[in-house]
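Participant: This structure is in structure tokens; I'll ask about it shortly.
The values are calculated or read from the model by the stated rules, or taken from the named source; none is laboratory data. All values reported here derive from a predicted model rather than from experimental measurement. All Cβ positions, even for glycine, are placed from backbone atoms using ideal geometry, and neighbour counts span all protein chains on display. We work out accessible area using only protein heavy atoms, side chains counted, and drop any ligands, DNA or RNA first. Shrake-Rupley method; radii C 1.70, N 1.55, O 1.52, S 1.80 Å.
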Amino acid sequence: MSTDETGPGGAQTPDIAGNPGGTGPDLLQLIAPSGERISHPEFDFWVRDITDDQLCSLFEDMTVIRRIDVEATALQRQGELALWPPLLGQEAAQIGSGRALRADDFVFSSYRENGVAYCRGVDLTDLLRVWRGNASGGWDPYGINMATPQIIIGAQTLHATGYAMGIQNDGADAVAVTYFGDGATSEGDVNEAMVFAASFQAPVVFFCTNNHWAISEPVRLQSHIQLADRACGFGIPNLRVDGNDVLAVMAATRLALDRARRGGGPTFIEAVSYRMGPHTTADDPTRYRDANELEDWAAKDPISRLAGLLDRKGILTAELQQQVKDKADAVASEMRRGCTTMPEPRPMDIFKHVYSTPNSWLERQQDHYARYLATFGDPDGAVSKEGAR
Amino acid sequence: MTQLTFARAINAGLRKSLENDSKVVLLGEDIGTLGGVFRVTDGLQKDFGKHRVVDTPLAESAIVGTAVGLAYRGYRPVVEIQFDGFIYPAFDQIVSQVAKLHYRTRGAVRMPITIRVPFGGGIGSPEHHSESPEAYFTHTSGLRVVTVANPQDAYTVIQQAIACDDPVLYFEPKRRYHDKGEVDESVDPRSALPMDKARVLTDGRDVTLVAYGPLVKTALDAASAAADEGISIEVIDLRSLAPVDYEPVVASVRKTGRLVVTHEAAQSGGLGAEVAASITERCFYHLEAAPVRVTGFDIPYPYSKLEMHHLPGLDRILDGVDRALGRPNSLSGLEG
Ligand SMILES: Cc1ncc(C[n+]2csc(CCOP(=O)(O)OP(=O)(O)O)c2C)c(N)n1
């Protein structure tokens, strides 16, 4: 093994193509952290139709999903959810891309893209089913054109590529969009997905949210070059955008979607952002993360940035702020109600949907278990939680 | 003697191995600064350095595949798979490479790789975090598969696994990580009970109850509940799942005439089937009843609200014991 005490991925990484986690000059930005609108010769085109009203609605979306996130975290703390993966800090990446999609596009995401699910129109109770431990899947993927969120890191990128190959075969102009993290780029699946996507010029957008951390591992452990640059080796065009800039994210996503729709094949987008919260509610980031880093990123907050722009335009009125807050509160309380009134699953439900058609093999086990439950006098199984002993 | 949790006991065993053999290196996701998501490797990187306790990129196939290369080079890699459900990306490296290299090279190459896998359910986790994948590996020749059921074993067996020249899958019962027990850290793993031996935990005359890993505790609880009803159960902790140490099981079944095997993994193709078949072959004329399996169902691991229905608990095990004894039970009156 290396004798270098920093070890693989240690702090002393050679300066090959800049700091993979950094914010180099090639980072696409349309809104400065101060809120100032930065004009861009190429990318302004992709958001030229965005009216002030639409900016306000992006502001509302971001505020709402942050509120959803805070509420879900609270629900977890109150014992209503078993676990929750916060998206705090990643609102612009999720809303900017999510609002760029068409209804017939199809999303394959990781567990953290709850803001994208919101854009797809997910029922908020469905959003929580899995995290409450009440179901294996929260929604019907075909209902909102978004697959069940993936926990196996990177697996969904292959699914997106396959879906895109299907779109291509069908002669349609929809796009498959896959979301994953910086850590995921190290997995074989993600690399194989890029090989296939490039080989077949599949209409797929690889949307990598570089939130700088894979649980405790910094992005520089996954890569010594900027993540966006990895795509080059697969022959996939790349874009590197400020992931806390909702307009930049939207512009990049629109460009990539347009390219895919017109037969131009895959695009890789690296949205450079930051996970402000813990990895999940079970994680303790103080063990591995410097508080100063958090502070630096707080100054680049995606919502205050858009608020800054609205303010400069003179449209951040008290009325707008109140309206947005009311909406966020209403959505949060609707979600809370959905969570706490969700019907409990019934014991025999565990045997449902293992196969699409019944078979005697499993039916026998099911029948035996029903008989077992009946010995407790309740066929629906008000058995004690003895199993977990 | 000290009181240690499973997690601390494994930590202490890893520490001993790192101290005793400079060729031991630890590899895995989050095992360094964070000390692993279960803190099993807590403090080890700080004390042994980043070249011996390596935080790896997120790539299970690469973690195991590079361990193969390290082993070729004379190292003894100890790999952490973060959760049971994440071992599958590394499956090919484990079953096609790790398991077979000794055989393929006619003994020239040793693969002293230990693959640590937190396994099993009961902690209220989302999907892919509660699986019992041991049968995939017991089905692959060339691998040793072990699991531990008390902190003392956790401490000694991890050292035995690391010292073993064969590849070892070391399954850690994650729902027991915080359970405490006496650990004698002065025990020499070379003179302790070898990791491939089963252990008889209680002396019983009516039924032999075979368990391993997280269910050993449940099996012991069942035995003491049964004792209150005058039923005497001999509990055997299998410890090694590949190879299985059949002698104590055979001796026990010859005495009791009845066998119950329990595990969390699904029933079909599971280890319980293997044990039942082997014991039937060896003890057919001593068996008073067909062997009974009390296992997880043939379903994907269910969502956490209902996991206790899938996991064999004390009452389900006792119901199985009743079946073996021909006492009234949930299947009484059913044919076949
Ligand atoms: C195949 C696999 N290995 C390990 C894990 C455990 N795990 C869950 S999330 C995570 C970190 C992922 O980091 P990243 O891809 O950057 O996404 P983020 O969580 O930061 O959004 C790890 C290691 C997993 N879910 N799947």
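Participant: Could you give me D for region B:1-104, from Stokes-Einstein at 20 °C and 1.002 mPa s, where the hydrodynamic radius is the Kirkwood radius over C-alpha pairs? Units µm² s⁻¹, please.
Facilitator: Translational D for this selection: 151 µm²/s.
Participant: Charges only on Cβ, +1 for Lys and Arg, -1 for Asp and Glu: so what's the dipole of the protein assembly as shown about the Cα centre, in debye to the nearest 20?
Facilitator: For the protein assembly as shown, the charge dipole is close to 1080 debye.
Participant: 222 nm [θ] for chain B, helices only, -39500 (n - 2.57) per DSSP H run of 4+, per residue, to 500?
Facilitator: Result for chain B, helices only: -9500 deg cm²/dmol.
Participant: Lys and Arg at +1, Asp and Glu at -1: add these up for the other residues within a Cβ distance under 12 Å of B:Val210 and post the number.
Facilitator: Summing Lys and Arg as +1 and Asp and Glu as -1 gives 0.
Participant: To the nearest 0.05, how large is the calculated FRET efficiency for A:Arg37 and A:Ser333 if R₀ is 30 Å and r is the Cβ-Cβ distance?
Facilitator: Here the calculated transfer efficiency is 0.30.
Participant: For A:Lys300, B:Lys197, B:Lys46, A:Lys325, write out the residues from largest to smallest accessible area, computed with a 1.4 angstrom probe and no ligands counted.
Facilitator: Reading off the accessible areas and sorting them downward yields B:Lys46, A:Lys325, B:Lys197, A:Lys300.
Participant: Once you compute Rg and the Kirkwood Rh from C-alpha atoms, what is the Rg to Rh ratio for region A:200-318?
Facilitator: Taking Rg over the Kirkwood Rh, I get 1.04.
Participant: While we're here: Which whole-number percent gives the relative contact order of chain A, counting Cα pairs below 8 Å spaced six or more residues apart?
Facilitator: 24 percent.
Participant: Follow-up. Could you compute how much accessible surface A:Thr341 exposes when probed at 1.4 Å, giving the result in Å² to the nearest 10?
Facilitator: Using a 1.4 Å probe on the heavy atoms, I get roughly 90 Å².
Participant: With everything on Cα atoms, drop me the angle between helix B:6-20 and the longest principal axis of chain B, reported from 0 to 90° to the nearest 10.
Facilitator: On a 0 to 90 degree scale, this one is about 40.
Participant: Let me ask something else about it. Quick one: if you stick a label point 7 Å off each Cα along the C-beta vector at A:Asp284 and A:Asp326, how many nm between them?
Facilitator: Label-label distance for A:Asp284 and A:Asp326, simple model: 4.3 nm.
Participant: Still on this structure: With +1 on the Cβ of every Lys and Arg and -1 on the Cβ of every Asp and Glu, and nothing else charged, how large is the dipole of chain A about its Cα centre, in debye rounded to the nearest 20?
Facilitator: 500
Participant: Continuing with this model, one more query. List the chymotrypsin sites (Phe, Trp or Tyr not before Pro) in region A:254-296 that DSSP assigns to loop (not H, G, I, E or B) and whose Cβ has at most 11 other Cβ atoms within 10 Å. Which are they?
Facilitator: Loop-located and lightly packed - none at all.
Participant: Something else: Return an integer: the convex hull volume of the alpha-carbon atoms of region A:176-232, in Å³ per residue.
Facilitator: 73
Participant: Running a GNM on chain A with Cα contacts under 10 Å, which residue among A:Ser109, A:Ser39, A:Ser186 ends up with the highest mean-square fluctuation?
Facilitator: Of A:Ser109, A:Ser39, A:Ser186, the Gaussian network model singles out A:Ser39 as fluctuating most.
Participant: With just the Cα atoms of region A:241-288, tell me how far they stretch along each of the three principal axes, in Å, largest first.
Facilitator: 46, 19, 15
Participant: Moving on. Dipole of the protein assembly as shown (Lys/Arg Cβ +1, Asp/Glu Cβ -1, origin at the Cα centre): which of B:Ile299, A:Cys339, A:Met276 lies farthest to the positive side?
Facilitator: So the residue furthest toward the plus end is B:Ile299.
Participant: While we're here: Mind checking the angle between helix B:215-228 and chain B's longest principal axis? C-alpha axes, 0 to 90 degrees, to the nearest 10.
Facilitator: For B:215-228 against chain B, the angle is about 30 degrees.
Participant: When all C-alpha to C-alpha distances in chain A are sorted into bins of 20 Å, what percent of pairs does each bin hold, rounded to whole numbers?
Facilitator: Going out from 0 Å in 20 Å bins, chain A shows 26, 55, 18, 1 percent.
Participant: How big is Rg to Rh over chain B, alpha-carbon atoms, Rh as the Kirkwood inverse-mean-distance radius?
Facilitator: Using only Cα positions, Rg/Rh for chain B is 0.98.
Participant: Also, quick follow-up: Residues with amide H under 5 Å of B:Val294's amide H, sequence separation 5 or more or different chain, H placed in the peptide plane at 1.01 Å from N; which?
Facilitator: When sequence neighbours closer than 5 places are left aside, the close amide H contacts are B:Val261, B:Thr262, B:His263.
Participant: Any idea what angle helix B:151-163 forms with the longest principal axis of chain B, computed on alpha-carbon atoms, 0 to 90 degrees, nearest 10?
Facilitator: Between helix and principal axis, roughly 50 degrees.
Participant: Still on this structure: Once you keep just the Cα pairs under 8 angstrom separated by 6 or more residues, what percentage relative contact order results for chain B?
Facilitator: Worked out over chain B, it gives 15 percent.
Participant: Once the dipole of chain A is set up with Lys and Arg at +1 and Asp and Glu at -1 on Cβ about the Cα centre, which of A:Ala93, A:Leu83, A:Val190 lies farthest towards its positive end?
Facilitator: Selected residue: A:Leu83.
Participant: Ok, one more. Over the protein assembly as shown, what portion of Cα pair distances is larger than 43 Å, expressed as a whole percent?
Facilitator: 31
Participant: Still on this structure: Report the residue, chosen from B:Leu271, B:Leu18, B:Leu58, that carries the largest GNM mean-square fluctuation when chain B is represented by alpha-carbon nodes joined by springs under 10 Å.
Facilitator: Of B:Leu271, B:Leu18, B:Leu58, the Gaussian network model singles out B:Leu58 as fluctuating most.
Participant: Just to be sure I follow: if Rg is taken over the C-alpha atoms of region B:26-162 and Rh is the Kirkwood radius over the same atoms, what is Rg/Rh?
Facilitator: Result for region B:26-162 is an Rg/Rh of 0.95.
Participant: Within the set of other residues whose C-beta is less than 13 Å from the C-beta of A:Asp296, count the net charge using Lys and Arg as +1 and Asp and Glu as -1.
Facilitator: -2
Participant: As I understand it, the dipole of region B:61-114 uses +1 on the Cβ of Lys and Arg and -1 on the Cβ of Asp and Glu, about the Cα centre. Which of B:Gln93, B:Ala108, B:Ile81 lies farthest toward its positive end?
Facilitator: So the residue we want is B:Ala108.
Participant: At A:Tyr355 and B:Glu281, where each label point lies 7 Å from the Cα along Cα→Cβ, what is the point-to-point distance in nanometres?
Facilitator: Label at A:Tyr355, label at B:Glu281, 2.8 nm between them.
Participant: Can you give the net charge of the other residues whose Cβ lies under 9 Å from the Cβ of B:Pro89, counting K and R as +1 and D and E as -1?
Facilitator: Overall, the nearby charge balance is -4.
Participant: Could you work out which residue, out of A:Gly263, A:Gly115, A:Gly308, moves most in a Gaussian network model of chain A, that is, has the largest mean-square fluctuation with Cα springs under 10 Å?
Facilitator: Greatest mean-square fluctuation among the candidates belongs to A:Gly263.
Participant: Still on this structure, please answer the following. Using a simple charge model, +1 on the beta-carbon of Lys and Arg, -1 on the beta-carbon of Asp and Glu, nothing else, what dipole does chain B show about its Cα centre, in debye to the nearest 20?
Facilitator: That gives a dipole near 900 debye.
Participant: Same structure again: With contacts defined as alpha carbon pairs under 8 Å and 6 or more residues apart, what's the relative contact order of region B:174-312 in percent?
Facilitator: With pairs under 8 Å counted, the relative contact order is 23 percent.
Participant: What area, in nm² and to one decimal, does the C-alpha convex hull of region A:292-366 cast on average over all directions?
Facilitator: Result: a mean projected hull area of 10.6 nm².
Participant: Averaged over all directions, how much area does the convex hull of the C-alpha atoms of region B:267-312 cover when projected, in nm²?
Facilitator: Reported value for the Cα convex hull: 3.6 nm².
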